[in-house]
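Derivation of every value follows stated rules applied to the coordinates shown; laboratory data play no part. The structure presented is a predicted model; accordingly, all values stated were derived computationally and were not measured. All Cβ positions, glycine included, derive from the backbone under ideal geometry; neighbour counts span all protein chains shown.
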Amino acid sequence: MTKYFFHLIDRIKPSGRSVVIAVPFGFMLLFLMAPFLAVIKISFADLRMAIPPYSPLTSWVDGVLQIKLDFSHYGSVLSDSLYLGAYVKSVEVAVLTTFVCLLIGYPTAYLIARSNPTRRNLLMIGVMLPFWTSYLIRIYAWIGILKERGLLNSLLIWSHIIDQPLRIYHTNWGLYIGMVYSYLPYLILPLYAHLVKLDFKLLEAARDLGAKPWKVFVTVTLPLSRRGVVAGCLLVFIPAVGEYVIPALLGGADSLMIGGVMWDDFFNNADWPVAASAACAMVALLLIPMAWFQRTKMMELEGK
Amino acid sequence: MDNALSDKRHAQLDPSGSGHSFNGLKQFEQQVPRDAGADFVQIVDLVKKFGDATAVDVVNLSVAKGELFALLGSSGCGKSTLLRMMAGLETPTSGRILIEGQDLAQMPVHRRPTNMMFQSYALFPHMSVEANVAYGLKQERVRKTDREARVSEVLELVQMTAYRTRKPHQLSGGQQQRVALARSLIKRPKLLLLDEPMSALDKKIRQQTQFELGNILQKVGVTCVMVTHDQDEAMTMADRLAVMNQGRIVQIGAPEKVYEFPNCRFAADFIGSTNLFEGRLMEDESSVLECADLGTPVQLQSNVSDKQGTTVHFSIRPERLSISLHPIESSTNIAEGRIEEYAYMGSYTLFYIRMRTGKLVMVNVSRMTLKAFDHALAYSEPVYLSWDSDSLVIFDR
């Protein structure tokens, strides 16, 4: 009995470990959950011409507490083709961006992980170098490169590869170039971290046992770097869905993503409740891949 | 000690140089002549350079079918590079590797009739024991039923049937080693390569595993080349071994032969521990060495007629020296010293004797000998060391 008692005491009293965890946990609760709860609240409110531009959820009328939850915004978000189109477009852009990033990022991360340590560090600095400049400035720089009389077209015309300037700026091409460029490091970094830990001897063993190079990749390299792939893809996919700046600056008229629609609702239409509903729906959309990621992670931990 | 052997040693006493030059060619394989017909695995003039550094420097050797051959040397001597070249994991700078007369040079790793057991086993962590072992057969597209039968058979051989669904990290070091062995045996390679097979095991289970592994390999009858830095491992397991130093093979032979008759100072010192001395062949007498290290003339067993006046090196193993409290009249080879240090080693006691000349000499003394003395030996006590003429091994390099 006493043993269990002490055990209980041990479990109740704050250990150093729980204190250390409590700090970031509290931070997240305060600065992530609280604003998000406010957004959820707004999504159930009514639009009104006031400051703030939405009605309170609760009110006292003749001594009766009234709680009014307006679900109609969700209805309009889910039925309006503008929103549905924007969601589909967002997911489409995010999926394609993730795929292209993976296509470019995997070989890059692999080569960096396989090069000698001094060159490896140099290459990693190269991958992280863009972060030293503001994101917005880099996207504006791409406008300079991609626009009709921009760097790229001038160069191609000057070298007689083309005679008419390419239309990239304000098209889907511009959008994807900007997206892949911006999100590539987020895929390379976690993938590199996994690949650099991969024991090269395992690949040699596979070759020694008769596996052709591509078979070595499929049966050993890829399965052992799967967690890096999943982590990298989610780090690209999740923010890419809600991306606002790149479609607005580089994309065309058909590049309307959910971030842009929300911007319009918040700032042009001042329809906060609908914008908040759209935001909540997007979070719900993103929870699916995140839940899947958690599940694979758990399964892998159990497997070990 | 037969005369043929001493003659061979004398033939190597070449004052002009290293002994590496022979008819203008580098050749290190004095013991085993190159006989193309009978050799299962042949390595001919193999060289591997990494930039300016030469890892393997003109190696020639041959391994007979069914033989367990050990490459022995300290780290960085080129033994692992040599093994990796056999597996195809490194490309030779020049030279040839032949198995049954077939040159492997142009053959990619995955087509070679060799399999390797890696130093840290390199088991695939994401696959079960079964999947690890079956991997090689899957690449060969062996039918599923055949594959399963062969996996069962080889797991039975290494006694790991009960663990077939486990993952590698759920196994002990010894079990992992057996899975690695099963995985490298399942394709029935013509040549099995073992890279430091015992280095990842505890010292205690290492010895037992040496016998187990040896037994399995013998049962299978596969030809093996093993790399090790542990001379005990090479001695217990190998049929023949090659001592390597700085990318070259210093000596090839059966373990007991290399131990008893090392052909150079390096081999003598590397295989077991030994006492190395320097001596000068006397001008007038061809069978006596002047030895400044021992402070006494050393009687040789046979004449060394053509090398008078030259400096030679010789070794006497610690177990070949006897210790006595008084000079033995009958013995011609005797030297005086004082006990400087001793250590109880279990089956024997290791004495360090400081000779009058200042040279420190190791002597293994058995318990029986110590018992025969009328008192327990103490530090600084004067003692006499004596040895038979046939305990000496002479070399010129």
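Which whole-Hz couplings ³J(HN,Hα) result when phi for each residue of the stretch B:216-224 is put into the Karplus expression 6.51 cos²θ - 1.76 cosθ + 1.60, θ = phi - 60°, listed in order with x for Gly and Pro?
In residue order, the calculated couplings are 4, 5, 5, 4, 6, x, 7, 6, 10 Hz.
So how compact is the stretch A:212-304: Cα radius of gyration and Dmax in angstrom?
Taking only Cα atoms of the stretch A:212-304, I get Rg and Dmax of 18.6, 60 Å.
With springs only between Cα atoms under 10 Å apart, run a GNM on chain A and tell me which of A:PHE131, A:PHE31, A:PHE217 wobbles the most.
A:PHE31
Which residues' amide hydrogens lie under 5 Å from the amide hydrogen of B:MET116, considering only partners 5 or more residues apart or on another chain, with H built in the peptide plane?
B:LEU193
So if the hydrodynamic radius of the stretch B:32-269 is defined as the Kirkwood radius over C-alpha pairs, what does Stokes-Einstein give as its diffusion coefficient at 20 °C and 1.002 mPa s, in µm² per second?
Numbers: Rh = 18.3 Å.
D, rounded to a whole number, is 117 µm²/s.
If each DSSP helix of 4+ residues adds -39,500 (n - 2.57) and the sum is divided by the residues in the protein assembly as shown, what number results at 222 nm, nearest 500 deg cm²/dmol?
Values: 25 runs with 304 residues, N = 701.
Per the formula, -13500 deg cm²/dmol.
Report, to the nearest 10°, how far helix B:173-185 tilts away from the longest principal axis of the Cα atoms in chain B, using its own Cα long axis and a range of 0 to 90°.
It is inclined by approximately 70 degrees.
Within 10 Å of each Cβ in peptide A:215-227, how many partner chain Cβ atoms are there on average? Round it to a whole number, please. Can you show the working numbers first?
Working: counts 4, 3, 0, 0, 7, 6, 0, 0, 4, 3, 0, 1, 0.
Neighbouring Cβ atoms belonging to other protein chains average 2 per residue here.
Pull up all non-local amide H partners of A:LEU250: gap of 5 or more, or a different chain, and H-to-H distance under 5 Å with H placed in the peptide plane.
HN-HN under 5 Å from A:LEU250: empty list.
Give the separation of the Cα centroids, the stretch A:118-188 to the stretch B:195-264, in Å.
The stretch A:118-188 and the stretch B:195-264 have Cα centres separated by 59 Å.
Ordered by residue, what ³J(HN,Hα) values in Hz, to whole numbers, does the stretch A:276-293 give under the Karplus form 6.51 cos²θ - 1.76 cosθ + 1.60, where θ = phi - 60° and Gly and Pro are x?
5, 4, 4, 5, 5, 4, 5, 4, 4, 4, 6, 5, 4, x, 5, 5, 4, 4
So if I take the centroid of the Cα atoms in the stretch B:137-176 and the same for the stretch A:252-268, what is the distance between those two points in Å?
One Cα centre to the other: 58 Å.
Across peptide A:193-203, how many C-beta atoms of other chains are within 10 Å of each residue C-beta, on average?
Numbers: counts 0, 0, 0, 0, 0, 0, 5, 1, 9, 8, 1.
Mean number of neighbouring Cβ atoms from other chains: 2.
How many partner chain Cβ atoms sit within 10 Å of a residue's Cβ in peptide B:118-125, on average, as a whole number? Mind dumping the intermediate values first?
Numbers: counts 6, 1, 3, 3, 10, 3, 9, 6.
Counting other chains' Cβ atoms within 10 Å and averaging over B:118-125 gives 5.
Work out the P(r) tail for chain A: percent of alpha carbon pairs separated by more than 34 Å, whole number. Intermediate results must be reported in sequence, preceding the final value.
Values: 19896 of 46056 pairs.
Everything past 34 Å amounts to 43 percent.
Shape of chain B from its Cα gyration tensor (a ≥ b ≥ c, root eigenvalues): rounded if a/c is under 1.5, otherwise prolate when a/b > b/c, or oblate? Walk me through the numbers before you get to the answer.
Values: a/c = 3.00, a/b = 1.68, b/c = 1.78.
Oblate is the answer for chain B, as a/c is 1.5 or above yet b/c matches or exceeds a/b.
Out of every Cα pair in the stretch B:318-397, what percent are spaced more than 15 Å from each other?
When every Cα pair of the stretch B:318-397 is considered, 57 percent fall beyond 15 Å.
Report, as a whole number in µm² per second, the diffusion coefficient that Stokes-Einstein gives for the protein assembly as shown at 37 °C and 0.692 mPa s using the Kirkwood radius over alpha carbon pairs.
Details: Rh = 32.8 Å.
Rounded, D is 100 µm²/s.
Please compute one quarter of the surface area of the Cα convex hull for the stretch A:43-168 and express it in square nanometres.
Numbers: hull surface 62.6 nm².
Directional mean of the projected Cα hull area for the stretch A:43-168 stands at 15.6 nm².
Could you give the angle, 0 to 90 degrees to the nearest 10, between helix B:129-139's Cα long axis and the longest principal axis of the Cα atoms of chain B?
Approximately 70 degrees, to the nearest 10.
If you take the square roots of the eigenvalues of the alpha-carbon gyration tensor of the stretch A:1-90 and sort them as a ≥ b ≥ c, do you get rounded (a/c under 1.5), prolate (a/b over b/c) or oblate?
On the way: a/c = 3.10, a/b = 1.94, b/c = 1.60.
Prolate is the answer for the stretch A:1-90, as a/c is 1.5 or above and a/b outweighs b/c.
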